[in-house]
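One structure is given below, encoded as structure tokens.
Just so it is clear, none of the values below were taken in a lab; they were calculated from the coordinates. Note that the structure is a prediction, hence the values are computed from the model and not measured. Here the Cβ is made from the backbone with ideal geometry for all residues, glycine too, and neighbour counts use every protein chain on show.
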Amino acid sequence: MMNAPHPIDQFKKFKYEITRFMMIYKFALDQMETKIEVLKEEFQSLHDYSPIEHTKSRLKSPESIMNKMFRKNHELTFESIKKNIKDIAGVRITCSFISDIYRIKDMLCNQSDLRVLEVKDYIQNPKPNGYQSLHLLVDVPVYMSNGEERACVEIQIRTIAMDFWASLEHKIFYKYNKDVPEHLTRELKSAADSANALDQQMERLHREIQEIKDAENERTEEELRRIIINNQQFTLPSNLLKLLGNGEQ
């Protein structure tokens, strides 16, 4: 009769497996943050403007994952967790304008190594309490030492106004598990409508100012010859511009 595995050996094996499991999601977050930073820097360099204000990422703790699995009555295995919990890794992207949200969504969806699993548009279809945001579930490749793994990352994209409303709503009702009184629900929805009206107004102002700037934008030759990459300034040689100009003819 074979000896049963020693409890310490079982614990070491479990620790190895859960550490590797969590690292896959951590590396998926790292990849998404790198992708977002590349897009942000590209836009800032080429358009003097970035649609991305800031990002925030978080990884669910093993305890939170376990509690969610118990609440949903799912089997507590790594395969079941991967199948049923889609928000282990999360990224929140905050933008200035509503149009930026869809611009970022399109840029991410066009990346060939990402598989878009689900899109939930709470901007076109707000939640009853007024919550607005665009949610993406994307499947991200992670290259570990023994091969490729895939991890799901939830991406929430929202404006500053939407994020302000959602953050305060969460603080107000944190750990309040009862039904919210109807008059408070109405006020909450009214506040969300006010935030949306502000978004719409600022979007219109941004668009009109951009049209004015485009019409008046006459840069000097010296400005056109200057590029900035990663806070480093370069001046394009006149001969290079002449060569490129001749090549286009």
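If a/c stays under 1.5 just call it rounded; otherwise compare a/b with b/c (prolate if a/b is bigger, oblate if not). Do that for region 94-187, with a ≥ b ≥ c from the square roots of the Cα gyration tensor eigenvalues. All intermediate terms of the calculation are to be shown ahead of the outcome.
Numbers: a/c = 2.92, a/b = 1.84, b/c = 1.58.
Prolate shape, in that a/c is at least 1.5 and a/b is the bigger ratio.
For the chain, the relative contact order works out to 17 percent when only alpha carbon pairs closer than 8 Å and six or more residues apart are counted. Which whole-angstrom value gives the distance between the alpha carbon centres of region 17-76 and region 113-141? Cα centres, region 17-76 to region 113-141: 14 Å.
Note on the chain: dipole from Cβ charges, positive end direction compared against 191, 168, 146; the farthest Cα belongs to 146. Ranked by the mean number of other Cβ atoms within 10 Å of their residues, highest first, the peptides 118-125, 191-198, 98-105 come out as 98-105, 191-198, 118-125.
In this structure, the amide hydrogen of residue 123, modeled 1.01 Å from its nitrogen in the peptide plane, lies closer than 5 angstrom to those of 133, counting only residues at least 5 positions away or on a different chain. Close Lys pairs in region 31-77, defined as Cα atoms under 24 Å apart and 8 or more places apart or on different chains, number 6.
Counting pairwise Cα distances across region 39-162, what percent come out greater than 17 angstrom?
Details: 4867 of 7626 pairs.
It works out to 64 percent of all Cα pairs.
Shape annotation for region 1-84: C-alpha extents along the principal axes are 72, 27, 17 Å, from largest to smallest. Volume per residue of the convex hull around the Cα atoms, evaluated for the chain, comes out as 207 Å³.
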